[in-house]
Amino acid sequence: MFNKPVLGWADDAQELAAIKAQMRRLAAQVEAIEQRQAHKQRLPRSTRTISTRAGRVGSTNTITASNGEFTVQPHNISEGPVDPSIRFSPDMAPSRVAVGLPSKSKTASSDPLGFQWIPEADDPPKTRSNIDLSSSSPQAITQTAVDTLPPIFSIGGISVKLGGFIELSNIWRSSNMSSGPATAWGNFPYANSPNHGLDEERLSAQLSRMSVLMEANPSKSVRLQAYVESDFAGAAGTSNSVQISGYTPRLRQGYFTFTEKDWGFHLLMGQAWSLATNYAKGILPRQEQLPAVTDNNQIPGISFTRVPQIRIGKDWNQKYWLGLSIEDPQATVGFSSSFASGDTLPAAYGQAYGARVYYSNPGGVLLNSATQYTDNPVPDIIVKGAVDTSFGHYEVFGLARWFRSLSVAPGASTTKKHTTFGGGVGAGMTIPLGTEKLQLAGNVLAGDGIGRYGPSLLPDTTFNGRGQLSPVPEMMGSLGLIGHPASSVLVYTYGGVETAGRKRYMGADDHQYGYGVTDMDLAGCDIEFGSCNAQTRTLASLTAGGWWHFMQGHYGSVMAGLQYTYIRKFAFRGNDGAGNSVYPTTEGNTVYVTFRYLPFQ
């Protein structure tokens, strides 16, 4: 509602459309206010006067409406400075005000910041919703769709847009995992746990989200953006659900971008979705091909991280894309027995003693002291190429990673540094299936040491007999079908899988050690309170759900979502203690019922 808002759209067509839409909304509001003022002053409804300042000094035009016909009558006015603004009617002081709706005023007021209150309308005009469910990954669901919203206000040459929603989710799981609105897919317990089959019911508003997008156009071809997105999915040491569910805000995304349109150059710095994430179009931020699911941990098979990074991109006519991203590294470690940094490995075959290994440290200043951070030599590096065609979006990428550990060999008194290489290759697609109402989206990633890029968090690495971190071979992928039976309804079904291979060494005691060992006694996995050290080999899931946008108006929009996920977990083969093979498995079910109020859309 500010005068002369600064719009930061990517091109002139978008900017022009936004200005026209805002002018139509303002004109409708002016008309409603004029009718209300005319009624209060007992003026005839059939006559309405709109004054406009002409483009030259000394004249105005008065447009009079009577019986549906308009006539233009020129009038001379005294000489004075040109006022380029449009005056819809003579200024009249509003008879009442609405609390909480600030507006920028050209004239001075008692408010030192120059604000005045917008008059309250008896029957506010209807507005068009910014929620578009026609995409395979609607931003109103997966992000906050802040790009499609008009600026709320401007600061100098910077326009500010606000986005977000208030959410309440009712979550049911067939096994008790004591989890909030994000499901740890790999933690569904085996039958030995008393939590197996003990269902869990939970209400949560933690995923309520706020976002701010600040934009500026220093020149016609240059655009600067800064984006911050936060929710309440953090849990401090004092957070609990006993009397006050005081969960803490956390940083989801926070980055700035520089775009030179004429060069097709793009730069991103800050915390954002990884370049390894599948994209619906190009490789630009807030265009990620995220599934429209309600679970905050996505679904098994989706490749993603959300980490600090530096990304450089180049496009050719917004059709061909190439990007390079340098991203914050971190590794997950799995071993066949409990093993902490500084412990001694079981001796390898032919050796009397094992190596002592250091691979992580607790968080220091401004990091979580209750969490271990691995020793990372260099950032992860991702290179991606993408193409947008009339037949869909396609992309391929490569991922390179490095892992580091320190070991003290048996009998030695100093450490030795070990660095190993891992990485993989991936691909993604988003294609229409013969109609705009049906789309297919899929992604795949395979390689060594890529576990942290999947929601199930299979281990990136394990240890070999010399104390080196050894990348675990893995593969993940998903395939989704997204439909739009009506403009206000979206339905989807996804299948996903993550699987890990073996990386192990033979110990001096003739037992296997590492990840994917096959000689462990797993007979207790099917017995309540039995011992079960099964290592996860594969997680497979099937998800179905949908969203219904059932309310919209000048007050915003309200949506409801329903989702069901079935997951099956398979362990590596073991034995029952009597020489017979056993294959522990477990399954889980989750149901989400979600409501969202989107006040800005």
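The values are calculated or read from the model by the stated rules, or taken from the named source; none is laboratory data. Bear in mind the structure is a predicted one, so any value in this text is a computation, not a measurement. Quick reminder, even Gly has a Cβ in these numbers, built from the backbone with ideal geometry, and neighbours come from all protein chains shown. All accessible areas refer to the heavy atoms of the entire protein, side chains included, with ligands and DNA or RNA removed. Shrake-Rupley method; radii C 1.70, N 1.55, O 1.52, S 1.80 Å.
Points to keep in mind about this one:
- Test: residue in segment 522-538 that is under 34 Å from the mean Cα position of the chain (by Cα), surrounded by fewer than 16 Cβ atoms within 10 Å (Cβ to Cβ) and under 22 Å from ARG466 (Cβ atoms): no
- Residue count for segment 274-292, restricted to those that are crowded, with 24+ Cβ neighbours inside 10 Å and not in a loop (DSSP other than H, G, I, E, B): 1.
- Residue in segment 226-239 that is over 18 Å from the mean Cα position of the chain (by Cα) and not in a loop (DSSP other than H, G, I, E, B) present: no
- Restricting attention to segment 304-329, the residues that are surrounded by fewer than 16 Cβ atoms within 10 Å (Cβ to Cβ), part of a loop (DSSP other than H, G, I, E, B) and not basic (Lys, Arg) total 3.
- Selection of segment 343-376 for residues being outside any strand (DSSP E or B) and within 28 Å of the chain's Cα centre (by Cα) yields GLY363, GLY364, VAL365, LEU366, LEU367, ASN368, SER369, ALA370, THR371, ASP375, ASN376.
- One residue alone among GLY334, GLY301, GLY264 is at positive phi, over 21 Å from the mean Cα position of the chain (by Cα), open to solvent by less than 60 Å² (accessible area, probe 1.4 Å) and in contact (Cβ under 8 Å) with a residue 40 or more places away in the chain, and that residue is GLY264.
- Filtering segment 526-554 to residues that are of a type outside the set (Ser, Thr, Tyr) and touching a Gly at 6+ places or on another chain (Cβ under 8 Å) leaves GLY530, CYS532, ALA534, GLN535, ARG537, LEU539, ALA540, LEU542, GLY545, GLY546, TRP547, TRP548.
- Among the candidates ALA182, ALA191, residue that is open to solvent by 10 Å² or more (accessible area, probe 1.4 Å), out of contact with any helix residue (DSSP H, G or I) (no Cβ under 8 Å at 6 or more places or on another chain) and part of a loop (DSSP other than H, G, I, E, B): ALA182
- Test result for LYS417, assigned to a strand (DSSP E or B), charged (D, E, K, R) and surrounded by fewer than 15 Cβ atoms within 10 Å (Cβ to Cβ): yes
- ALA578 being in contact with a Cys (Cβ under 8 Å, 6 or more places away or on another chain) and either without any contact (Cβ under 8 Å) to a residue 12 or more places away in the chain or outside any strand (DSSP E or B) (or both): no
- With respect to the conditions (1) open to solvent by 30 Å² or more (accessible area, probe 1.4 Å); (2) touching a residue at least 40 places away in the same chain (Cβ under 8 Å), TYR394 falls short on a single one, namely (2).
- Residue in segment 495-518 that is modelled with pLDDT of 95 or more, touching a His at 6+ places or on another chain (Cβ under 9 Å) and crowded, with 19+ Cβ neighbours inside 10 Å present: yes
For every residue, the table says whether it meets (1) out of contact with any Cys (no Cβ under 8 Å at 6 or more places or on another chain); (2) outside any loop (DSSP other than H, G, I, E, B); (3) open to solvent by 20 Å² or more (accessible area, probe 1.4 Å).
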{"residue": "SER136", "(1), (2), (3)": "yes, no, no"}
{"residue": "ILE141", "(1), (2), (3)": "yes, yes, no"}
{"residue": "THR144", "(1), (2), (3)": "yes, no, no"}
{"residue": "ASP147", "(1), (2), (3)": "yes, yes, yes"}
{"residue": "PRO151", "(1), (2), (3)": "yes, no, no"}
{"residue": "PHE165", "(1), (2), (3)": "yes, yes, no"}
{"residue": "LEU168", "(1), (2), (3)": "yes, yes, yes"}
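- Residue ID - nearest to PHE529 (Cα to Cα), chosen from residues in segment 197-217 that are open to solvent by 50 Å² or more (accessible area, probe 1.4 Å) and in contact with a strand residue (DSSP E or B) (Cβ under 7 Å, 6 or more places away or on another chain): ASP199
- One residue stands out among those in segment 1-42 that are polar (S, T, N, Q) and assigned to a loop (DSSP other than H, G, I, E, B): the one that is modelled with the highest pLDDT, which is GLN41.
Listed here are the residues, each with its yes/no results for (1) surrounded by 13 or more Cβ atoms within 10 Å (Cβ to Cβ); (2) closer than 29 Å to ILE283 by Cβ.
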{"residue": "LEU367", "(1), (2)": "no, no"}
{"residue": "SER413", "(1), (2)": "no, no"}
{"residue": "GLY434", "(1), (2)": "no, yes"}
{"residue": "ALA446", "(1), (2)": "yes, yes"}
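- Flag: THR586 matches the condition of being assigned to a strand (DSSP E or B) and within 21 Å of GLU474 (Cβ to Cβ).
- Failed criterion for MET559 (all others in (1) touching a His at 6+ places or on another chain (Cβ under 9 Å); (2) open to solvent by 10 Å² or more (accessible area, probe 1.4 Å); (3) farther than 29 Å from PRO346 by Cα hold): (2)
- Cβ pairs under 7 Å, 6+ apart, first in segment 556-573 and at positive phi, second of a type outside the set (S, T, N, Q) and open to solvent by less than 10 Å² (accessible area, probe 1.4 Å): GLY556/LEU598
- Filtering segment 255-273 to residues that are in a strand (DSSP E or B) and either in contact with a helix residue (DSSP H, G or I) (Cβ under 7 Å, 6 or more places away or on another chain) or among the charged types (D, E, K, R) (or both) leaves only GLU260.
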